[in-house]
Amino acid sequence: MTSVRPFPRLVAIFFALSTCFSSLSRADPFVGSQPCSTREGHDTCTQDDVAGGPGAALGLLQQTRGKHHSFDAVGVETAAAPAAGGRGQDLILMHIPFNFGHTTEKVEGRLFRERPFAMGKYMSLEGALEMAQDTKARWQLVEASYSKGAEFWGHLHPDLFQKSEVTGCPLFFTPAKYWPTDIAQSYFGNKTIFGMLRDPYERLVAMFRGNMKNYGGSYPEFFKTCDANGAVRKMMTDYLAGDKYAADCTFIPQAEYFDEPFGIDLAVDNRKFPDSLNKVFAEHGSDIHIDAGDVMHVTGCPEVWAGDLDCETKALVKQVYARDFELLCEKFEYCDEDENCCIEGVEGMCPSNLEEKRKTATYCSGTSSE
């Protein structure tokens, strides 16, 4: 029997109920919990959320095969002109874990563009897909659920639930160089493969803030005191000890998703999300647009950030993610490997007192990555 995560079992029930009632009412039948970051009286997630209860995924999830050689001020590589006509259908997402891939999948599906119910619809379908017994059943689910003209990207594509023989993770979180060739060719075709590229320090802090055991990892001994430095150091020591594919492959270097065959063609600057991705969509003739309310993101320990990591921890990050730092320099000219950053375009992804935090942040110039 296929094993599934506890939360998808719950949302699959909601999905089934919403499907049954959809024929009875013109109103949206699914009324899911709001993300814990937006519930009245909460500025972070409850213990139920961080322990994997029904609020966990809703409140803590984030959200041409030719290479491109230049970038612009919005953080997008200069891409070839989009194909004539269509709605951005020359694009295809490579979902790098913890790089707002869930948000991107959600807004692409026309079903999920109807706030305030989009979050619940997305999570219920995702859970139902995990519960489905086989690929055929998953295709029936998405074809019955998606609006006309939608693409099936990443985690919502039925063919990508197959486990990789290399990583042991689902294909949707596995670098495409490890996919079976026939599936990769079918999914990517001749489209431009795009993906977000994120600062390693900031990305690891987001994983800590998410505090999800099976996605990015859970570190309760550090979470209770919001010790991001201790948690990230443990992440890196575990990785270096051989735990490369842990927590649904969230620790794999982003650079591996750019490797051929089927590597990312078009890098999108995660530091400038969602503006950077909205610019890509517009340039490719798509009507997709990510608004502030669309973004799925972590909410725990809201005052921690990359600047809280000490030099010893940052040295370990540089050792593991050396190629990621090289890509950031190559693609966007972020060549200072000691820079501390956060995503200022997404509410809650920077400390509330950012300017004060910058004054006390660690800066480890000259820290070796060897």
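The values are calculated or read from the model by the stated rules, or taken from the named source; none is laboratory data. Note that the structure is a prediction, hence the values are computed from the model and not measured. Reconstructed Cβ throughout: ideal geometry from the backbone, glycine too, with neighbour counts over all protein chains shown. Note: areas computed on protein heavy atoms with side chains; ligands, DNA, RNA excluded. Shrake-Rupley method; radii C 1.70, N 1.55, O 1.52, S 1.80 Å.
Would you list the helices (runs of 4 or more DSSP H) that sit entirely within region 268-370 and hold 1 or more residues that are among the acidic types (Asp, Glu) and closer than 24 Å to Asp238 by Cα? Before the answer, list the steps.
Details: elements: 275-283, 311-320, 322-332, 354-360.
Helices (runs of 4 or more DSSP H) meeting the threshold: 311-320, 322-332.
In this structure, does Ile193 turn out to be modelled with pLDDT of 95 or more, closer than 30 Å to Ala306 by Cα and aliphatic (A, V, I, L, M)? Reasoning before the result, please.
Details: modelled with pLDDT of 95 or more: yes; closer than 30 Å to Ala306 by Cα: yes; aliphatic (A, V, I, L, M): yes.
So Ile193 fits the description; yes.
In this structure, is Ala118 at pLDDT below 90, open to solvent by less than 20 Å² (accessible area, probe 1.4 Å) and touching a helix residue (DSSP H, G or I) at 6+ places or on another chain (Cβ under 6 Å)? Walk me through how you get there before you give the answer.
Working: at pLDDT below 90: yes; open to solvent by less than 20 Å² (accessible area, probe 1.4 Å): yes; touching a helix residue (DSSP H, G or I) at 6+ places or on another chain (Cβ under 6 Å): yes.
It is true that Ala118 is at pLDDT below 90, open to solvent by less than 20 Å² (accessible area, probe 1.4 Å) and touching a helix residue (DSSP H, G or I) at 6+ places or on another chain (Cβ under 6 Å).
Can you name the residue in region 124-148 that is over 26 Å from Gln89 (Cβ atoms) and outside any helix (DSSP H, G or I) and, of all such residues, is most open to solvent (accessible area, probe 1.4 Å)?
First pass over region 124-148, keeping only residues over 26 Å from Gln89 (Cβ atoms): 127, 130-131, 133-134.
Within this subset, residues satisfying the condition of being outside any helix (DSSP H, G or I) are 133-134.
Working: Gln133: 167, Asp134: 73 Å².
Among them, the one singled out is Gln133.
I'm trying to understand the selection: among the residues of region 232-267, which are small (Gly, Ala, Ser), in a helix (DSSP H, G or I) and either out of contact with any Leu (no Cβ under 9 Å at 6 or more places or on another chain) or over 18 Å from Phe173 (Cβ atoms) (or both)?
If we filter region 232-267 for residues that are small (Gly, Ala, Ser), which is where we start, we get 241-242, 246-247, 255, 263, 267.
Checking the rest, the ones that are also in a helix (DSSP H, G or I) come to 246-247, 255.
The answer is Ala246, Ala247.
Which of the residues that make up region 294-338 are farther than 25 Å from Thr103 by Cα and among the charged types (D, E, K, R)?
Going residue by residue through region 294-338, those that are farther than 25 Å from Thr103 by Cα are 307-320, 322-323, 326, 329-330, 333, 335-338.
If the condition is that a residue be farther than 25 Å from Thr103 by Cα and among the charged types (D, E, K, R), then Asp308, Asp310, Glu312, Lys314, Lys318, Arg323, Glu326, Glu330, Glu333, Asp336, Glu337, Asp338 are the ones that fit.
Does region 162-179 contain any residue that is within 14 Å of the chain's Cα centre (by Cα) and outside any loop (DSSP other than H, G, I, E, B)?
yes
Could you check how many residues of region 273-291 are open to solvent by less than 10 Å² (accessible area, probe 1.4 Å) and hydroxyl-bearing (Ser, Thr, Tyr)?
Looking only at that region, the number is 1.
Give me the pairs, please: first residue somewhere in region 322-348 and among the basic types (Lys, Arg), second residue anywhere and open to solvent by 30 Å² or more (accessible area, probe 1.4 Å), beta-carbon distance under 8 Å, and either six or more positions apart or on two chains.
Lys331/Phe71
Which of the following residues is under 19 Å from Pro200 (Cα atoms), open to solvent by 60 Å² or more (accessible area, probe 1.4 Å) and of a type outside the set (Asp, Glu): Tyr363, Tyr334, Tyr321?
On the way: Tyr334 fails: open to solvent by 60 Å² or more (accessible area, probe 1.4 Å); Tyr321 fails: open to solvent by 60 Å² or more (accessible area, probe 1.4 Å).
It is Tyr363.
How many of the residues in region 212-250 are within 20 Å of Asp308 (Cα to Cα) and open to solvent by less than 10 Å² (accessible area, probe 1.4 Å)?
Count: 7.
Could you tell me which residue of region 268-316 is nearest to the chain's Cα centre (by Cα), considering only residues that are farther than 28 Å from Cys335 by Cα and of a type in the set (Asp, Glu)?
If we take residues in region 268-316 being farther than 28 Å from Cys335 by Cα and of a type in the set (Asp, Glu), then Asp294 is nearest to the chain's Cα centre (by Cα).
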